[in-house]
1. Could you give the length gained by full extension between residue B:238 and residue B:186, i.e. 0.36 nm per residue of separation minus their alpha carbon distance, to one decimal place?
2. Quick query: amide H of residue A:250 versus all other amide H atoms, modeled in the peptide plane; which residues come in under 5 Å with a sequence gap of 5 or more or a different chain?
3. With +1 on each Lys and Arg Cβ and -1 on each Asp and Glu Cβ, how big is the dipole of chain B about its Cα centre, in debye rounded to the nearest 20?
4. Over chain B, average the accessible area per residue using a 1.4 Å probe and give it in Å², no decimals.
5. 222 nm [θ] for chain A, helices only, -39500 (n - 2.57) per DSSP H run of 4+, per residue, to 500?
6. Ignoring ligands, DNA and RNA, how much accessible area is buried between chains B and A, both sides summed, with a 1.4 Å probe, to the nearest 100 Å²?
7. Hey, got a sec? Which trypsin sites (Lys or Arg not before Pro) in the range B:196-245 land in a DSSP loop and have at most 16 other Cβ atoms within 10 Å?
8. Rounded to a whole number, what % of the accessible area of the range A:107-203 do carbon and sulfur atoms account for, probe 1.4 Å?
Amino acid sequence: MDDRDLSVLWLQSAGCGGCSISLLCSEARDLHASLDSAGVRVLWHPGLSEESGDEARLILERCASGEIPLGALCVEGALLRGPRGTGRFHRHAGTGVVMTEWVRKLAGMARYTLAVGSCAAWGGVASAGENVTDACGLQFEGDQPGGLLGAGWKSRGGLPVINIAGCPCHPDWVTETLTALALGAFGARDLDPLNRPRFFADHLVHHGCTRNEYYEFKASAHKPSDLGCLMENMGCKGTQAHADCNARLWNGSGSCARGGAPCISCTEPGFEEPGHPFHETPKLAGIPIGLPTDMPKAWFVALAALSKSATPKRVRENAVADHQVVVPPVKKTGLK
Amino acid sequence: MTRIIVGPFNRVEGDLEVTLEVRDGRVAEAWAGSPLYRGFEQILRGKHPMDALMFAPRICGICSVSQSMAAASVLADAMGLTAAPNGRITRNLAHAVENIADHFTHFYLFFMPDFARAEYAGRAWHGPAAERFRAVRGSAAAYVLPVRAAFLTAMGTLVGKWPHSLAIQPGGVARALEASEKIRLFGLLRDFRRHLETVLFGDALEAVAALGSEAALARWAAEKPRGDFGAFLGIADDLNLDKLGRGVGRFMSYGGYPQEAGLLLPRGIWNGGLHALDEQAIAEDVSHAWLDGETRHPAQGVTRPQDEKAEGYTWCKAPRLAGLPMETGALARQVVAGHPLARNLAARGGDVKSRVVARLLEIALILPEMEKWVRQLVPGEPFCAQGEMPGTAAGAGLVEAARGALGHWISVADGRIANYQIISPTTWNFSPRDTDGMPGPLEQALVGAPAGEGDVAVQHVVRSFDPCMVCTVH
């Protein structure tokens, strides 16, 4: 291994493995080779590496003791502190030691620590309901700083936990963050206020949404499979959720909204308990409560009324159909 | 006599720890332990019933569509809703993409890398196997990852994204496919077929699907080079993988891929003969799990963690059918469906070789069906039937995930989820002992496996089931 390479140890805490599985969908190139070319060397990944049992345990121990220098610790899944603060809801298999203890030790040795996915970042789905397992994120509990490692914690490289949020996270968000770290091209200024990499978190899911024409005219879907905007009735939070899902796209050409489903803002802390059914938009006096973050309510209401009155028939009728029932007319406009 | 603990198990989904009692270099007794508890069944209580569509896929990142399918089925059952034909077909397609991709991924990335291990250095096949199948650096990984990712772009088209799609609905899917997307899907399936026929099988899928017995399989493999499947069959012969990991000999399938008239893969059980599945005979025993309660049918099931229970050694419950453990998975599915090769293989009761062969056989059987399904889509016709969830209702959703029988059970009261219980395939296969002390299928399959210094046999047995431990303990 080259001295300048970034060595990576990946642990799966209380999650579903979905962020690892998503990572394997990294497209167009051979994932292992592209990480390798970028100088990212995976020491051990529980789903992919050859080493099992004693050999795997030895890698963990050697990283924890500092014998193997650790560039980046990637943690996928929430950290379970229960029951009664023991962490015993999750022991790392074969080691007899609870995962929270492994993570504390290894984070202390790593140059950088990455929370891969919203479970590791905020607690995520594992912390929903009554949170019987006392799940939290590495450095956040919902939107509150703290979590397992504490609000003021910094890694040896001087950064807080890098929160690659998402449920799951997009494969590119992981490969690009690791590549940037390996290149030495990632610093505190590259993190947003919730310590998410800005290259994807400075966008809104709304950007690039194929339903934007429906949004503009407030031509809204009323039931699953309608073509219209999902924001007014169907619970979509794309105008508030920080991520580039509709610009970067998933699995070739998809996104939640392109699949007809509302954005549930899975990159945001606390998304798992929105206080309303996921498929419904909570409203006050007929107006959605969750309006676009940077738009005054009065303006939104005024513009929505205006645009609804100006909605073309094509957009209005297609919005409540599952395929185009009125197609754009072919018309001589004088434009070439 | 020594007792050893094996773990962490790599290249299985989630946490697994196996305790072995070894006598004269062989496993005398085994205990399968799942050391993680997340509590999805508790999380779902009190939620809006439709919220199951958000939570259920997140039980598992590797078979999230199967979890979505079970949730959509349990909700449809409670609502009394039948899916729109286009929606049913699209869901089948998404489900089959996941199941086939799972088999493909398991073979190349999880199972085969064990044959590259240094312990096999003396074997004639070791050199080529190591070059081809070594984890991460083998030529197969470099080939398989882009092929797999390209096949999974079908998910972007069908259900928006994978894993954790939100598009799968009780009445179908949340988005209608357009004519151009139908063509794109067909192209993707044909591309994947070409990879399978040239690299994995070295023959047409239909020729593989038509193999009618283990002897026919052996003759076929001997005819000419048969790709990576052929390489496996050679290794399996040399290592006697047909004698390793002998199962309980009872197979169960919930049946899969609903068609216009019934299921493509039928529901049933096989124990040397075919029998109907009595859903009411399913029960979960918690005597050796860190959970409180007594044996119950999942419709009345309870989930209460109790970590200080002395006889507990796992967070996994022990599902039983009429009091007996059942093996579930591709082998079980094809045995119940009556495939002659699967029936022939299963006559021994299930083993490492048979489980791997059944998964690859299933790829060859299902991909041609998917090509037919794509042709059946009618853009312009509805993709999603609409329905209402009654304030009080109950339902069951039984589907087949790649790893086997997956069931969800719901009861709804006052418009909220009053109880939600899940039994995943690996909960069946990696079940702990029950009140009678009867071990689960893996625990039984490990008995007799060589477990001395440098033996990899235990790893083969465990991975032959393709366990999904996060599903097990949900």
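1. Details: separation 52, 0.36 × 52 = 18.72 nm, distance 3.92 nm.
Contour length minus Cα-Cα distance gives 14.8 nm.
2. Under 5 Å from the amide H of residue A:250 lie the amide H atoms of A:255, each far enough along the sequence or on another chain.
3. 880
4. Value returned for chain B: 30 Å² of accessible area per residue.
5. On the way: 11 runs with 87 residues, N = 336.
Estimated from H runs of four or more residues: -7000 deg cm²/dmol.
6. Buried area (both sides, nearest 100 Å²): 6000 Å².
7. Taking the range B:196-245 and a limit of 16 other Cβ atoms within 10 Å, the loop trypsin sites (Lys or Arg not before Pro) found are B:243.
8. 46
The values are calculated or read from the model by the stated rules, or taken from the named source; none is laboratory data. Predicted model only: the values in this text are computed from it and were never measured. As a convention, Cβ positions derive from the backbone with ideal geometry for all residues, glycine included, and neighbour counts pool all protein chains shown. Side chains included, ligands, DNA and RNA excluded: accessible areas come from the protein's heavy atoms. Shrake-Rupley method; radii C 1.70, N 1.55, O 1.52, S 1.80 Å.
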